[in-house]
1. Taking all protein chains in place and a 1.4 Å probe, what share, in percent, of the accessible surface of the chain do carbon and sulfur account for?
2. Sorted by mean Cβ packing within 10 Å, highest first, what order do the peptides 42-48, 262-268 take?
3. Relative to the first principal axis of the alpha-carbon coordinates of the chain, what is the inclination of helix 325-337, with its axis defined by its Cα atoms, in degrees from 0 to 90 and to the nearest 10?
4. Note the angle between two axes, namely the Cα long axis of helix 130-139 and the longest principal axis of the Cα atoms of the chain, as a number of degrees from 0 to 90, rounded to the nearest 10.
5. Report the Stokes-Einstein translational diffusion coefficient (µm² s⁻¹, integer) for the chain, Rh taken as the Kirkwood radius over Cα pairs, at 25 °C with viscosity 0.890 mPa s.
6. I'd like to compare 305-314, 333-342: which one has the highest average count of other Cβ atoms within 10 Å, and what's the full order after that?
7. Find the cysteines in the chain that fail to meet the 4.7 Å Cβ criterion with every other cysteine, and list them.
8. Can you tell me which lysines have their Cα less than 16 Å from the Cα of K374? Leave out same-chain residues fewer than eight positions away.
Amino acid sequence: LPPRHMATVVQMVEALESPSHGISGTVPALARALGACSTPGCRAVLGEPPNVPPAPPTLNQEQWLLFTQLLHHAAAAAPERGAVLAPDGSTITLGPLFAGIEVGLKRALGWPIPTIQPPIDPLYAVTITEALGTSFLLARDGDGNRATLGPGGCWDDVDNPQNYTLVGPPSPIPDAVANGAMDGVLLGAQLAQTPIPLADLLRGYYGTGNGTEKGRPPSSYRRRDFGVLMPPGKLEEEVTAMLKVLRVLPPTRELLKDVGLEEVVAVAHRAARDFTEAYVECPAIVPRCMWGARPYRGTPKLLTLPLSSIYIHHTFVPSTPCRTFTACARAMRAMQRFHQDTRGWDDIGYSFVVGSDGYLYQGRGWHWVGAHTKGYNSKGYGVGYVGDFSATLPDPDTIALVRDEFLTCAVRTGRLHPNYTLRGHRQMGHTDCPGNSLFHEIETWHGFE
C-alpha cells in the first residue's frame, strides 16, 4: 500500500475533491461513512453516517484500500491502525482530525448542527471531550493500572511507514489520537473562519508542499496553539457537559447510570488536568525508535529520581541548528555514531537533545545515567541544543522549549527536584560548552548557580 504519510493523505484528498470524483458530499462525510465518527457522542453531533459509496474513480485500488483502512471503525478500537506520519515526525489518527474538520465546514457553510442538551461545543465533542470523558470514567473504578492517556509509538520505517506499534499498554487516547484531536480542533476552528479546499488546508498545516521543508510547519506548534484555544477551565467545562450528554444517550446511559453529578465533575476535572499536563504543558519528546537509534551497548545504569541538577550543553558539531524532523533525526544518528564509535561510549551521551523544529529528542532519557558532564552524570540530566551557540542564540521558542516547558514538566512529573540547580557544562569542566551566547542566556534562567 502507499506509505502512511500525511503527504499520501493529502494526495488522496486532492483526488477526492476533484470535480470528476463522483462522490456526493464532502471528504469528511466520506470519512464518516467509512467509520471515522462511530462513537455515540460523535453520531449525536454529526448524525448517522451516510452509506459507504463505491470506490471513487479518482483513487486507484491501493489508495482506496488505504483510505478505507485508515478510517474504518476498527481504528477506534485499535487507534494505531488509523494513524499516519506527519512531516514534523508526529503521528496523527485521522478519525478525530476529519470529525473536527467536518464541524468547521458545517459552521462555515451555515449547515445545521443538532442542538444537544445540555449544550456542548460540537467541535470539542467530536474530537476530544467524548474520548477524554470516557477514558477517565472507565478508569475510575479500576485498580489504578488502566491507562487513561498515551502511549506513543513507533513506525517500522519513517521513509515508508506501514505499521505503527504502540510502546506500552493502550488507553482510549494514545498520543496519535491526542494529536489528531488537537489538530481537528485547530483546523476545524480555522475552517469555520476561512473555508478553503481541504487539501490546501492540510498541505499548509502539515507542510507537505514544496518549499516547506526548511521551516517549521504549523503542526509543530499544535500544543501551544491548542492551549491558547482551549485553556484548562474550558476543557473541564466541555468534558463535564459531554459526560452529562452521555448520561442520556441510549448507548452510554448504562455506563453512567450510577455516576452522580459530583463524580462527573470530579472525572472531568481529572481528565482535563491530566490531558493539559501531558499534551499542552509538557513538550513532545521524540522517542529513540523514531530517530533511528542504535541499541545501547552494555547494561545501562538506573538513575535515582528525582535528580537535583540540569546541565546545559550545545552540540558544537553539528554546528547548524536542525529545523526539520528529518534533519534532527539525522543529527541524532550522527552524534550517536560519534559517541559510540569514536568516543567508545555505550550510547549517545545526552539525556535529551533540543532541535530547532519544536521537539526534544530522547537520548538516554529520564531513567538512565548519561555521559554528558564528567563526574556528574548520575546527579543531573544533560540537555544539549543542536548547533554551535558561541556567537548566536537558539530561536526564542527553542529557548522557551527547555526553560518554560521541559524544566517545569520535569519537576511536576517528579523527575527533577523542585529546588534544582541549573549550570552550563563549562562550570563543571574544561570546556567552552554551551557557547558564550547560550551560557549568558541560561544565566538568567530559574535555578542557575
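The values are calculated or read from the model by the stated rules, or taken from the named source; none is laboratory data. Treat the numbers as computed from the prediction; the structure is a model and nothing was measured. Every residue, glycine among them, receives a Cβ derived from its backbone with ideal geometry; neighbour counts consider all protein chains shown. Only protein heavy atoms, including side chains, enter the accessible area calculation; ligands, DNA and RNA are left aside. Shrake-Rupley method; radii C 1.70, N 1.55, O 1.52, S 1.80 Å.
1. Ligands and nucleic acids excluded, carbon and sulfur reach 53 percent.
2. So the peptides 42-48, 262-268, ranked by packing, come out 42-48, 262-268.
3. So the helix axis and the longest Cα principal axis differ by about 40 degrees.
4. 70 degrees
5. The Stokes-Einstein estimate is 106 µm²/s.
6. 305-314, 333-342
7. C433
8. Result set, ordered by chain and number: K301.
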